Every structure is written in C-alpha cells, then in structure tokens.
There are 2 protein chains.
Amino acid sequence: MKRIAENTINRLIVYKKELERLRREDVKNVFSHKLAILSGFPSHLVRRDLMNVGYFGSPAHGYDVVELEKCISDFLCTPESVRVILIGVGNLGRAILDYCQQQNPKISIIAAFDSDKNKVNKIYHGIYTFHIDSIKNFIKENDIKVVIITVPASEAQKIASEIVDSGVRGIVNFTPVRLQLNEDIYIENLDMMLGLEKVVYFVEGG
Amino acid sequence: MKRIAENTINRLIVYKKELERLRREDVKNVFSHKLAILSGFPSHLVRRDLMNVGYFGSPAHGYDVVELEKCISDFLCTPESVRVILIGVGNLGRAILDYCQQQNPKISIIAAFDSDKNKVNKIYHGIYTFHIDSIKNFIKENDIKVVIITVPASEAQKIASEIVDSGVRGIVNFTPVRLQLNEDIYIENLDMMLGLEKVVYFVEGG
DNA sequence: CTCGTATTGTGAATTTTTTCACAACTCAAA
DNA sequence: TTTGAGTTGTGAAAAAATTCACAATACGAG
C-alpha cells in the first residue's frame with residue numbers, strides 16, 4: 001500500500017465525519033463538489049483523495065454515502081474500538097473527558113490518571129481516576145497504545161517518557177511542551193495557544 | 001513581502017515559543033540544530049524558515065536568542081496586545097479561559113458569552129460572562145477580530161455567521177462543525193476528536 | 001598566521017502536493 | 001436513438017515544500 005500524506009489523512013478524517021452526518025440525515029449519495037463544500041477542501045482534491053483510497057463513484061450519482069464511509073474507515077483501519085487513557089484531570093482534562101463521551105464511540109477513554117490525591121479514586125464524567133503511580137501497570141495490562149496528556153507543562157516530558165517506556169505509541173499532547181521522544185512515537189500537538197496565535201497572524205497581517 | 005506558506009507560519013510560532021523559553025532560561029545563542037531538536041523540525045528547515053523571515057545568524061555563534069525572537073515576532077506582526085472573546089462557557093470553554101490566563105499575555109480573552117442565564121453575569125477564571133444577545137454590540141464597540149467558539153455543535157454555524165456579520169475575521173473553532181463562511185474568514189479548526197483519530201490511525205496502521 | 005572544526009546560507013535537485021483540463025461515462029429528455 | 005448536461009477519474013502540468021550539498025564564514029588552538 002502506497003504511503004499517504006499526512007494532509008490526506010487529515011482530509012479523509014474530515015470526509016468521514018461529514019459522511020457519517022450525511023448518513024444520519026439519511027442522504028444516500030453525494031457529489032465531490034458537495035463533499036468539498038462540507039469539508040472545506042476543493043472538489044478536485046476530494047476526488048484525488050478518494051482515488052488514493054481506491055473508491056470509485058459514478059458520474060451519474062456521485063458517491064454512495066454508506067459505501068464511501070465504509071471505504072474510508074477501512075482505509076484508515078479504524079478499529080471497532082480503541083481504548084485510550086487520559087493523564088491529568090485538571091480543567092482541561094475533565095473538559096476533554098466530557099467532550100469525548102459525547103463523540104466517536106469507537107474511541108473510548110477507559111481511565112484517567114492524576115497525581116493529586118484529591119482527584120484519585122473519583123469519577124469525572126463517568127471515568128474513574130487512578131493514581132499516576134499505577135499507570136505503567138495499567139498501560140501494560142490493558143495494552144494501551146494511545147494516551148492523551150493534559151498535565152502541567154512541568155511534568156509533561158517526564159510522564160511522556162515513562163508511558164512510552166511502557167509501550168505507548170501515540171500521544172495527543174495538549175501541553176505547550178514539545179516532547180522529546182523517539183521518533184517512531186507519533187505525537188499530535190494540540191497546543192491551543194498556537195492555534196490562537198495562528199489565527200491572530202492571518203487576521204492581522206497574513 | 002513574499003507570501004509565506006501556512007506550514008512555515010506554524011513552525012515559526014513554535015520557534016518563537018522555544019526562543020521565549022530559552023530567553024527566560026537566559027540562554028544567549030542557539031544553533032539551528034538545537035532549535036531543530038527543540039521544535040521537532042529538521043535543522044535545514046529551520047534555516048530555510050529563518051531565511052524566509054530574513055534573519056541571519058553567524059556561523060560561529062548561531063542565532064542570537066533575543067534578536068531572533070524579536071525578528072520572528074515582527075515578521076508575524078505579533079501586536080503588543082490582541083483582545084479576543086470566547087463564546088460558550090461550558091466545560092471546555094472554562095478550561096480554555098483558565099489555560100489562556102496562564103499563557104501568552106499578548107493575547108488576552110477580555111470577555112466570555114453564553115446563552116445560559118445561570119452563567120451570565122458570572123466570572124470564570126477572571127473573565128466576565130455576558131449574555132449572548134449583547135455580543136454584536138460588544139464586537140463592534142471593542143473592535144474584536146478574533147473569536148474562540150466552544151458552543152454546542154448545534155449552535156456553531158448560526159453564531160459563527162452572526163459574529164462574522166459583526167466584523168470578526170478569524171475564528172478558533174473547537175466545535176466539530178465545519179463552518180460555512182465567506183472564504184476571507186480565517187478558521188482554525190481544533191476539533192480534538194480529529195487529533196485523536198489521527199493518532200489512532202498512525203499508531204494502528206500508518 | 002594557519003589549520004581544523006563547526007556552522008550558516010542558499011542554489012539546485014528532488015519530492016510532494018495541488019491544480020488543470022479533458023476524455024469517458026451516465027442518465028434523462030426529446 | 002441522439003443530444004446535452006453534469007460528473008467522475010486521471011495523466012500531465014504546475015506549484016510548493018523539502019532536502020541536498022557545499023561554498024563561505026568565523027573562531028579557537030597551536
């Protein structure tokens with residue numbers, strides 16, 4: 001299978017979500033142009049991307065919503081269910097717990113961890129919080145591959161190194177720290193300030 | 001001035017932050033290789049990017065931390081202060097209010113808005129919450145150009161359209177909705193689920 | 001001063017991504 | 001059946017981003 005660009009993956013995930021929505025609205029077919037408007041990418045990119053995943057529509061009816069969603073899901077190897085944990089049950093961590101509960105049921109946060117004794121053994125938004133000291137065992141026993149980090153900046157690097165040692169392969173990093181890890185570890189940096197700065201840049205000057 | 005790629009902007013913002021940190025740690029000079037490690041991008045990209053912003057280091061001492069930070073800031077036209085508002089004081093909204101307070105002092109959230117009467121006229125993390133009905137006036141009177149949206153998905157499009165009518169030019173969109181707006185409006189989508197899905201993709205298969 | 005080492009800056013090559021442009025196709029209507 | 005409108009799929013072109021590779025430079029040690 002040909003290697004696919006990260007940008008393409010980003011777009012495919014967006015298409016998938018829009019297709020899910022169309023399916024729920026009981027729409028049967030969709031044209032590249034429509035998908036382009038929904039996703040915010042030009043229609044020729046949509047077509048090129050779908051070519052990459054190997055799905056073919058019909059000139060008359062466009063793409064079958066259900067089939068295409070299935071095809072993209074398969075392409076992305078979206079598993080039936082993925083178990084993820086979250087570290088750092090501060091304001092942001094709890095907000096994410098809440099947010100995730102409402103969304104994609106295929107990816108579920110199965111536990112949270114914190115070092116604060118006042119938070120340990122409590123349940124936030126339906127997720128049980130364990131003490132951080134038990135995290136290594138938990139990761140190994142539950143074969144956790146993906147972790148969400150929402151700890152204070154000062155602790156981010158240390159914890160990241162530890163969980164990677166325990167077998168974690170991917171991190172969603174909400175801290176402002178650029179984690180230094182082996183480069184076969186996939187890191188998605190979601191520092192909210194960067195997003196804000198970028199918008200400011202494009203509005204003010206760019 | 002030459003138009004600069006969005007990717008370059010992303011990286012510049014990261015360099016800037018790392019330079020800020022180095023400055024606080026009282027580091028005077030930095031080499032492209034070091035900045036590469038800190039930011040996570042290859043050193044030749046760092047050099048190419050700095051070439052684009054027009055900063056020149058010395059082969060002997062690398063880059064002057066303070067000067068380079070200043071240069072990038074100027075290049076990004078980072079204003080002395082930018083005033084931003086946040087709409088939707090749910091869990092995520094409040095977490096962001098908290099998070100932003102601790103960070104970049106040049107960008108400040110000066111007010112929050114919500115439609116829930118129980119939240120209006122309350123102060124969260126130091127930010128006063130107004131009723132959503134007063135937002136149009138507020139945007140106009142305070143010349144707000146950038147807005148953070150953390151409302152429920154069902155309200156996102158309606159509110160986005162309204163604030164754009166009032167003069168907003170850039171949106172940090174934390175909702176899972178792809179906003180349909182005039183294309184001169186800059187939108188930064190920070191749907192956390194997409195980030196999570198992407199990590200899952202790269203860990204499972206990519 | 002000279003040599004050796006390390007780094008920058010950048011033209012050129014390469015790779016990747018995006019866009020263009022149009023043949024091929026499908027259907028509906030006349 | 002034929003025409004026309006609208007769409008897909010894709011080779012090829014163009015544009016953009018990244019990497020290579022090395023000349024130019026600066027400095028310290030001897």
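The values are calculated or read from the model by the stated rules, or taken from the named source; none is laboratory data. In this text the structure is predicted, and so the values were computed from the model without any measurement. Neighbour counts are summed over all protein chains in view; Cβ atoms, including those assigned to glycine, are modelled from backbone coordinates with ideal geometry. Just the protein is used for accessible areas: all its heavy atoms, side chains included, with ligands, DNA and RNA removed. Shrake-Rupley method; radii C 1.70, N 1.55, O 1.52, S 1.80 Å.
Take every Cα-Cα pair in the range B:6-74 and report what % of them are more than 21 Å apart. Present the calculation step by step, with values, prior to reporting the outcome.
Details: 216 of 2346 pairs.
In whole percent, the share of Cα-Cα pairs in the range B:6-74 beyond 21 Å is 9.
Per-residue shielding of B:170-181, expressed as the average number of other chain Cβ atoms within 10 Å of the residue Cβ, stands at 4.
Run lengths n ≥ 4 of DSSP H only: what is the helix-derived mean residue ellipticity at 222 nm for chain A, with -39500 (n - 2.57) per run over all residues, to the nearest 500?
That comes out to -14500 deg cm²/dmol.
Summing +1 for each Lys or Arg and -1 for each Asp or Glu among the other residues whose beta-carbon sits under 14 angstrom from that of B:S166 gives 0. Using every pair of separate Cα atoms, the Kirkwood estimate puts the hydrodynamic radius of the protein assembly as shown at 22.7 angstrom.
Heavy atoms of the protein chains alone define the surface here; on that basis chain B has 48 Å² accessible area per residue at 1.4 Å probe size.
Between B:K145, B:K136, B:K34, the GNM of chain B built on Cα springs shorter than 10 angstrom shows B:K34 fluctuating the most. Any idea what diffusion coefficient chain A gets from Stokes-Einstein, in µm²/s, Kirkwood Rh on alpha carbon pairs, 20 °C, 1.002 mPa s? Stokes-Einstein gives a translational diffusion coefficient of 112 µm²/s.
For the range A:93-168, what does the convex hull of the Cα positions come to per residue, in cubic angstrom? Don't skip to the end; give the middle numbers.
On the way: hull volume 6.9 nm³, N = 76.
Cα convex hull per residue, to the nearest whole number: 91 Å³.
In summary, the lysines within cross-link reach of A:K16, defined as a Cα separation below 29 angstrom excluding same-chain residues under 8 places away, comprise A:K2, A:K28, A:K34, A:K70, A:K106, A:K145, A:K198, B:K158, B:K198. Of the GluC sites (Glu not before Pro) found in the range A:106-206, the ones in coil according to DSSP and having at most 14 other Cβ atoms within 10 Å of their Cβ are A:E183. Partner shielding of B:183-192 amounts to 5, given as the average count of beta-carbon atoms from other chains within 10 Å of each residue beta-carbon. Overall, the range A:82-194 carries a charge dipole of about 280 debye about its Cα centre when +1 sits on the Cβ of Lys and Arg and -1 on the Cβ of Asp and Glu, all other atoms neutral. Residue of chain A with the Cβ closest to the rotation axis carrying A onto B, and that distance rounded to whole Å: A:A95, 2. Rolling a 1.4 angstrom probe over the range B:82-194 with all protein chains present gives an accessible area of which 46% lies on carbon and sulfur atoms.
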